[in-house]
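This report refers to the structure that appears directly beneath it.
The values are calculated or read from the model by the stated rules, or taken from the named source; none is laboratory data. If you're wondering where the values come from, they're calculated on a predicted model, not measured in any experiment. Cβ atoms come from the backbone with ideal geometry, glycine included; neighbour counts cover every protein chain shown.
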Amino acid sequence: METLTLWIDGRREPATSGRSGDVFNPATGEVVRKVAFAGAADVDRAVQAARAAFPAWRATTPLRRGRILTRFRELMEQHRDELVQLATEEHGKTLADAAGSVQRGIEVIEFAAGAPHLLKGEHAEDVGRGVDCHSLLQPVGVCAGITPFNFPVMVPLWMFPVAIACGNTFVLKPSEKVPSCSLRMAQLFQEAGLPDGVLNVVPGDKEAVDALLNHPGVGAISFVGSTPVAKYVYETAARNGKRVQALGGAKNHAVVLPDADLDFTADALIGSAYGSAGQRCMAISAVVAVGAVGDALVAKLKDKAAALKVGRGDQAGIDMGPVISAAHRDRIVGLIDSGVREGARLVLDGRGIRVPGGESGFFVGPTLFDGVTPEMDIYREEIFGPVLIVLRAASLDEAIALINRNPYGNGTAIFTRSGAAARRFENEIEVGMVGINVPIPVPMAFFSFGGWKASLFGDLHMHGMEGVWFYTRTKTVTSRWPAEPGASGGGLVMPTM
Ligand code: NAD
């Protein structure tokens with residue numbers, strides 16, 4: 001069986017740690033390949049390669065960096081199907097869904113290819129008499145990215161194209177559950193002309209993550225994953241003097257007002273809750289039905305969810321694939337059990353689903369709960385599976401207060417025909433990404449992606465201009481060119497302009 005290796009300094013490298021892990025096809029439950037796990041010495045080699053590549057890459061003009069990114073984008077287009085298939089094989093999501101996420105990732109490369117424009121600083125003439133001021137956006141050095149299993153292509157692409165466009169070199173630690181796409185993208189980037197050592201990939205687990213967080217040669221850490229690990233990454237890396245953006249988990253609510261178009265809303269909620277088997281950080285996992293809308297909405301959700309076709313993501317006509325692992329399936333089933341125990345009404349039960357051809361796969365069917373209250377575990381926990389829960393609220397005020405009390409603040413949506421209600425919602429809600437009649441409001445590459453509260457530790461969000469600011473250090477230059485000899489160079493007093 002194939003064992004994937006590390007990618008250091010532009011070539012495949014074995015791990016010296018002697019450790020490796022199994023990569024599963026979640027639809028069949030089979031191990032499809034193995035992956036070497038980087039240890040601290042392997043991570044050190046990757047960081048050294050990135051450090052060695054940094055001076056020449058930093059000196060490469062943004063225009064030339066942008067051209068290599070443009071060629072990388074073309075190669076990503078050419079190899080789109082291969083990446084989509086790898087993502088489906090290792091993650092389980094449907095091919096069409098994987099294709100959508102690959103496209104959203106490619107859009108970040110398009111954004112980053114505009115490096116010459118993105119890296120323009122500010123300039124002001126005459127900040128004082130004869131004194132000008134301008135700012136430079138300079139790279140940080142070696143940056144590292146640590147990514148989750150749920151978007152094998154897109155989430156790594158939130159990070160390394162922007163970091164590399166800004167003149168940094170990069171070490172990527174992809175999820176050990178879905179390592180193939182990251183390794184393939186590193187090869188394609190090399191084919192596009194990226195110099196060796198600018199992008200390195202070190203699959204692995206906590207040992208590799210800890211080595212990056214503690215390595216003095218790494219200047220910045222980008223992380224996407226669950227909240228407990230995000231918090232740990234943020235605290236550890238910050239203690240070591242690194243800049244950090246650590247995106248965590250979510251519990252995304254959709255508020256449905258009585259004036260919403262119910263069919264439109266139910267379709268949107270179904271796609272958002274059950275797409276990718278609920279394993280999206282922007283999935284709607286909690287519906288807040290306001291006023292009298294609840295019963296009719298739950299009836300529509302039940303019919304539509306029950307009609308979803310569950311199966312292998314690589315087969316035609318399938319709406320929803322498996323979840324990532326047997327352990328994750330068991331955790332989701334345990335949470336469904338707890339919802340029943342705690343008194344929620346199980347409207348649709350996805351436990352014990354049988355999938356032809358996927359008897360050993362990690363499947364959970366679409367599950368719907370009504371009558372959920374905020375004390376229940378199915379509300380408090382991020383389930384990260386195909387389980388949608390419905391809560392009731394008497395008013396928009398109550399719905400907003402409920403969402404603002406939730407510790408997470410990644411995404412949210414409101415469904416209504418009232419502009420005034422939507423405007424109030426966007427103004428008062430304490431969540432980083434808001435949809436108005438849009439169930440998964442993932443910002444495009446040229447805006448920035450990130451939540452609030454326990455969904456993001458740090459301050460700058462991913463990609464868009466915040467991504468550029470995260471991967472650059474601002475240097476501000478104040479200059480004066482006295483025309484006449486003998487001009488005063490200033491005295492002991494703090495100068496005022
Ligand atoms: P995870 O936190 O288990 O793993 C994320 C990364 O951290 C992986 O590379 C993993 O190897 C590493 N890791 C895991 N445990 C670690 C530990 N104890 N110490 C150091 N490193 C560790 O997350 P996951 O299961 O891969 O992904 C699902 C989670 O990611 C969900 O909570 C989801 O909401 C979240 N997510 C968030 C966003 C966002 O933008 N906010 C996007 C995608 C996924």
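Which of the residues that make up the range 114-143 are surrounded by 24 or more Cβ atoms within 10 Å (Cβ to Cβ) and more than 16 Å from the ligand (Cβ to nearest atom)? Let's see the steps before the verdict.
Here is the first cut: in the range 114-143, the ones surrounded by 24 or more Cβ atoms within 10 Å (Cβ to Cβ) are 115, 142-143.
Listed by number, the residues that qualify are 115, 142.
List the residue pairs whose Cβ atoms are under 6 Å apart, where the first residue sits in the range 471-493 and is over 30 Å from residue 246 (Cα atoms), the second is at pLDDT 85 or above, and the two are 6 or more positions apart or on different chains.
477/134; 478/133; 479/132; 480/130; 480/131
Restricting to the range 437-453, what's the tally of residues that are outside any strand (DSSP E or B), more than 10 Å from the ligand (Cβ to nearest atom) and at negative phi? Give the derivation first.
Going through the range 437-453, the residues outside any strand (DSSP E or B) turn out to be 437-448, 450-451.
Now drop any that are not more than 10 Å from the ligand (Cβ to nearest atom), which leaves 437-441, 443-448.
Next, from what is left, pick out any that are at negative phi: 438-441, 443-448.
Adding up the residues that qualify gives 10.
What pairs come up if the first residue lies in the range 434-452 and is closer than 19 Å to residue 275 by Cβ and without any contact (Cβ under 8 Å) to a residue 60 or more places away in the chain, the second is aliphatic (A, V, I, L, M) and within 11 Å of the ligand (Cβ to nearest atom), and their beta carbons are under 8 Å apart, counting only those six or more places apart or on different chains?
443/433
Inspect the range 341-362 for any residue being within 18 Å of residue 249 (Cβ to Cβ) and in contact with a Lys or Arg (Cβ under 9 Å, 6 or more places away or on another chain) and give the result as yes or no. First the steps, then the outcome.
Residues of the range 341-362 within 18 Å of residue 249 (Cβ to Cβ): none.
Within the range 341-362, not a single residue is within 18 Å of residue 249 (Cβ to Cβ) and in contact with a Lys or Arg (Cβ under 9 Å, 6 or more places away or on another chain).
Report yes if some residue within the range 111-129 is touching a Phe, Trp or Tyr at 6+ places or on another chain (Cβ under 6 Å) and within 19 Å of residue 150 (Cβ to Cβ); otherwise report no.
No, the range 111-129 has no match at all.
Any idea which of (1) closer than 23 Å to residue 220 by Cβ; (2) surrounded by 15 or more Cβ atoms within 10 Å (Cβ to Cβ) is the one residue 429 doesn't satisfy?
Only one criterion is unmet by residue 429, namely (1).
Given the range 1-119, what helices (runs of 4 or more DSSP H) lie entirely inside it while holding 1 or more residues that are under 26 Å from the mean Cα position of the chain (by Cα), within 30 Å of residue 473 (Cβ to Cβ) and of a type outside the set (A, V, I, L, M)? Step through it out loud before you land on a result.
Values: elements: 40-59, 62-78, 80-91, 95-112, 115-118.
Helices (runs of 4 or more DSSP H) meeting the threshold: 40-59, 62-78, 95-112, 115-118.
What pairs come up if the first residue lies in the range 65-77 and is β-branched (Val, Ile, Thr), the second is in a helix (DSSP H, G or I), and their beta carbons are under 9 Å apart, counting only those six or more places apart or on different chains?
These pairs meet every condition: 68/164; 68/189; 70/109; 70/110.
Quick one: in the range 454-497, of everything that is within 11 Å of the ligand (Cβ to nearest atom) and not in a loop (DSSP other than H, G, I, E, B), which residue is farthest from the chain's Cα centre (by Cα)?
Restricting to residues being within 11 Å of the ligand (Cβ to nearest atom) and not in a loop (DSSP other than H, G, I, E, B), the top hit is 457.
Could you please tell me which pairs satisfy a Cβ distance under 9 Å, a separation of 6+ or placement on different chains, a first residue in the range 197-217 that is within 15 Å of residue 239 (Cβ to Cβ) and near the ligand (Cβ under 10 Å from one of its atoms), and a second residue that is part of a loop (DSSP other than H, G, I, E, B) and of a type in the set (Lys, Arg)?
Taking only residues 6 or more apart or on different chains, the pairs are 213/242.
Looking at the range 296-311, is at least one residue in a loop (DSSP other than H, G, I, E, B) and under 30 Å from residue 405 (Cα atoms)? Show your work before the answer.
Filtering the range 296-311 down to residues in a loop (DSSP other than H, G, I, E, B) leaves 307-309, 311.
In the following step, the residues that additionally are under 30 Å from residue 405 (Cα atoms) were identified as none.
No, because not a single residue in the range 296-311 is in a loop (DSSP other than H, G, I, E, B) and under 30 Å from residue 405 (Cα atoms).
Could you count how many residues in the range 461-481 are out of contact with any Cys (no Cβ under 9 Å at 6 or more places or on another chain) and surrounded by fewer than 20 Cβ atoms within 10 Å (Cβ to Cβ)? Walk me through how you get there before you give the answer.
Here is the first cut: in the range 461-481, the ones out of contact with any Cys (no Cβ under 9 Å at 6 or more places or on another chain) are 461-466, 469, 473-475, 480-481.
From what's left, surrounded by fewer than 20 Cβ atoms within 10 Å (Cβ to Cβ): 465-466, 469, 473-475, 480-481.
Residues meeting the conditions: 8.
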